[in-house]
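Read the structure below first, then the notes.
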Amino acid sequence: MDCTLLPERSIVVGAVFADKALAIRACGEMLAKAGHVEPGYIDAMLERDRLSTTYIGNGVAIPHGTRDSRRFVKSTGLALIQVPEGVDFGNGNVARLLVALAAKGEEHLDLLSEIATICADDEQLSRLLLARTSSAILDVIAPDRKV
């Protein structure tokens with residue numbers, strides 16, 4: 001994965017959230033802080049999850065905005081939050097890894113595919129969930145990166 005889309009400063013390990021709305025809002029705030037989105041995107045992320053859950057299975061959620069919210073996206077980027085105790089996304093779905101996404105065009109489809117591949121591998125997912133540092137997360141996601 002291209003580390004410019006997920007720099008170390010856009011990764012949080014060991015987060016705790018009382019509910020999914022707070023978790024999704026934190027994801028959006030990270031995307032905004034990194035300069036990828038305008039603040040309006042955060043509300044669109046919450047709306048998107050209300051329309052249809054962003055929980056994709058295997059303890060992973062991919063919070064992102066609605067199609068109409070693309071106007072708030074300045075550049076494509078990711079933010080990742082590890083939630084060891086998990087956060088309830090409804091219907092018994094507990095997300096322990098949140099991968100927030102903002103995409104300027106259609107390149108998000110490739111990003112989603114890469115993320116899904118990593119998270120479908122139980123060994124890689126376990127390494128992500130047990131990581132203690134953002135650097136350890138990147139070791140799993142982008143093992144060939146230059147440090």
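The values are calculated or read from the model by the stated rules, or taken from the named source; none is laboratory data. Small disclaimer: the values here were computed from a predicted structure and weren't measured. For the accessible areas, the whole protein counts, side chains as well, though only heavy atoms, and no ligand, DNA or RNA atoms are used. Shrake-Rupley method; radii C 1.70, N 1.55, O 1.52, S 1.80 Å.
Take the Cα atoms of the range 3-138, build their convex hull, and give its volume per residue in Å³. Walk me through the numbers before you get to the answer.
Details: hull volume 12.7 nm³, N = 136.
Convex hull volume per residue, Cα atoms: 93 Å³.
How long is the gain from residue 67 to residue 43 if the chain were fully straight, where each residue apart is worth 0.36 nm and the alpha carbon distance is subtracted?
Values: separation 24, 0.36 × 24 = 8.64 nm, distance 1.28 nm.
Fully extending the segment from residue 67 to residue 43 adds 7.4 nm.
What number comes out for accessible area per residue over the range 72-147 if the probe is 1.4 Å? Units Å², please. It would help to have the intermediate numbers written out before the result.
Working: 3860 Å² over 76 residues.
With the other protein chains kept in place, the range 72-147 gives 51 Å² per residue.
Quick check: at a probe of 1.4 Å, how many percent of the accessible area of the chain sits on carbon and sulfur atoms? Intermediate values should be presented prior to the final figure.
Numbers: 3780 of 7500 Å².
Of the solvent-accessible surface of the chain, carbon and sulfur hold 50 percent.
Looking at the range 1-117 only, what percent of DSSP beta bridges run antiparallel? Nearest 5 please. Don't skip to the end; give the middle numbers.
Details: 11 of 16 bridges.
In the range 1-117, DSSP labels about 70 percent of beta bridges as antiparallel.
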